Amino acid sequence: MNKIQTASDLKTVRVTLVRNTRKGKTIVTLCGGTGCHASGCTTVISAFKRELKKHKLHDTIDVKVTGCHGFCEKGPIVVIQPRGIFYKQVKSKDVKDIVEQTLVKGTIVDRLLYIDPLTGKKITYEKDVQFYKGQERIVFADNGLLDPYKIEDYLTIGGYTAAVKALTTMSSEKIIDDIKKSGLRGRGGAGFPTGVKWESCRRAKGTTKYIICNADEGDPGAYMDRSLIEGNPFSILEGMLIGAFAIGANQGIIYVRDEYPIAVQTLKNAIALARQWGFLGKNIFGSGFDFDLKIIRGAGAFVCGEETALIASVEGKKGEPRQRPPFPTQRGLWGKPTTINNVETWANIPYIINKGSQWFAGIGTEKSKGTKIFSLVGKINNTGLVEVPMGITLKEMIYSIGGGIPEGKSFKAVQTGGPSGGCIPKELLETPIDYEKLKEVGSIMGSGGMVVMDEDTCMVDVARYFLEFLQDESCGKCLACREGTKRMAEIVTDITKGQGKEGDIELLQELATTVKDTSMCGLGQTAANPVLSTIKFFRDEHRFRKWFLRHSPFRFYS
């Protein structure tokens, strides 16, 4: 394999790869994400290879281990392409039947079909599964089709054509202008306009600049970034290459949680392949631009998701935020201008460059453009990763895609935005999911965590859980966050034990507001959301829990 040195080289390689891809060839795709690994996908993969060899089909039928398909609750997932036959929760003992009945005879293994929780009907094809039908996948679209360890798969579907376009036909100013016009906002939590951030870094003084991919995904129940890395790391690297060229940075860093071993290994392989093919290194595409990447493994501190704390960690210091300004785009890593975006933000960049800013801006709402990936978890029939256009309502998300609440129970609330988000009640189910609307109801978009709760959920316990998490994860640098989250957690815990006092709820509100207004970083500024939202929408539950446990003859069980 020779390095890709020009745009013409890439075009030639892609034509060859497409020509060698046999149309209509049967491919057994198996989810190889972390969730399916936990469910035993490795034994299923081995069983397929063994059975195909036994039936002398190993030369005519491919087995492709892909990234996460999204429908994590139903893993290990097997999809037989090009027919799109969808089998869920496949075990190694099922493989013999799949090979003999579906791959040899062309019939369906009925017991492995997905049953729609709302209609009770068995679904044969992936495209007909309601969980997928309600989505609009862009950055997650190829996760179930690509082998994340083979860059050829990515090149076949047009990988790195956006980078070639950007580096050989566009100026830095044009790239940044397109990103600004697209309306792309950071997908890591705050939702700051990506193009504006890039422009600020581009204009900052200095010849040495850095870009960083924030893959320090710390929200409980959130795993969007991990799955993107595990399934399509090449799109993230391509996005970073384009961003680096636009900003004028020659060095990039991917800061990834150490608890993500599969993601780390996938990234290492993708970076090595990118260097081999000439997508990283010197004079990329003959443009005269040099760029390379390295991985920094984080220790799993939630606060390091905050930009300045992440920078401190990369520098080998304690991961704690610093006062801003100066912002990282002016004075970031090693005191140099630095742009930080999260995994999903970088993954969007190649699509915007290839399809245009107008295309991207046509998806979503007036101020929240494009799609967003959410991890839909909790008391819901269909759990997994969901990519939807901004502006879809909570009701559509929970009932149309999520399949509603299990066992016929009623919906009570949904918590969005991770531990720093708020709890939204059933009365607000028609709320559109975008940055502004979620903020209006006392929550945030965050990185995309979405926890659904049913009628049995105690909202006081929910507030206590997230407060304890935030208290543990506070770096302790500023008094408001360090002591405020601790005191709020103590008060809420007293209420759950039936030891609450008159005035506790009012004190909680006062404390929460103070912490929100006086904390230095985003962790402290949003730490009050679980408390304020549960009191706002479930105030009577706080009062009842406090009274009931103090007067109940069963209080000794608490």
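The table that follows gives values for the structure above.
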| item | result |
| --- | --- |
| Long-range amide H partners of R185 with built H, under 5 Å | T194, K369 |
| Rg ratio (alpha-carbon, reference 2.2 N^0.38 Å) - segment 246-303 | 1.30 |
| Ranked list, fewest to most other Cβ atoms within 10 Å of each Cβ, for D153, D454 | D454, D153 |
| Relative contact order computed over the chain (Cα-Cα under 8 Å; 6+ residues apart), in percent | 14 |
| Dipole in debye (nearest 20) - the chain, about Cα centre, beta carbon charges: Lys, Arg +1; Asp, Glu -1 | 1320 |
| Sum of side-chain charges, P328 neighbourhood, beta-carbon under 15 Å (Lys, Arg +1; Asp, Glu -1) | +4 |
| CD proxy at 222 nm, helix term only [per DSSP H run n ≥ 4: -39500 (n - 2.57); per residue of the chain; nearest 500] | -12000 deg cm²/dmol |
| Considering only the chain, percent of DSSP beta bridges that pair antiparallel, nearest 5 | 50 |
| Largest-first principal axis extents of the Cα set of segment 371-454 (Å) | 33, 23, 22 |
| For the chain, cysteines whose Cβ has no other cysteine Cβ within reach (under 4.7 Å) | C68, C72, C201, C213, C304, C423, C458, C475, C478, C481, C521 |
| Stokes-Einstein translational diffusion, segment 54-148 - Kirkwood Rh over all Cα pairs, 0.890 mPa s, 25 °C, in µm²/s | 172 |
| Fewest-first sequence of W334, W359, W198 by Cβ atoms within 10 Å of each Cβ | W334, W359, W198 |
| Debye log10 I(q)/I(0) at q = 0.07, 0.09, 0.10 Å⁻¹ for the chain, Cα point scatterers | -0.43, -0.71, -0.87 |
| Ranked list, fewest to most other Cβ atoms within 10 Å of each Cβ, for K294, K197 | K294, K197 |
| Approximate spin-label separation D116-N283, in nm, with each point projected 7 Å along Cα-to-Cβ | 5.9 |
| For segment 151-361, the spread of Cα positions along each principal axis, largest first, Å | 41, 37, 33 |
| For segment 352-391, projected area of the alpha-carbon convex hull averaged over all directions, nm² | 3.5 |
| Gain upon complete extension [Q509, K367; 0.36 nm per residue less C-alpha separation] | 48.1 nm |
| Leading residue at positive end of dipole, the chain (Cβ point charges), from L467, T168, M397 | T168 |
| Local electrostatic count, V515, Cβ distance below 11 Å [Lys/Arg +1, Asp/Glu -1] | +1 |
| Whole-number D in µm²/s for segment 1-53 (Stokes-Einstein; Kirkwood sum over Cα pairs; 20 °C, 1.002 mPa s) | 150 |
| Average silhouette area of segment 464-547, convex hull of alpha-carbon atoms, in square nanometres | 4.7 |
| Reciprocal mean inverse distance between Cα atoms of segment 295-339 - Kirkwood radius, Å | 10.4 |
| Cβ-defined net charge surrounding T207, 14 Å radius [Lys, Arg +1; Asp, Glu -1] | +4 |
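Each reported figure results from applying straightforward, stated rules to the coordinates on display, with no laboratory input. This is a predicted model, so every value here is computed, not measured. Cβ sites come from the backbone with ideal geometry, for glycine too, and all protein chains shown count toward neighbours.
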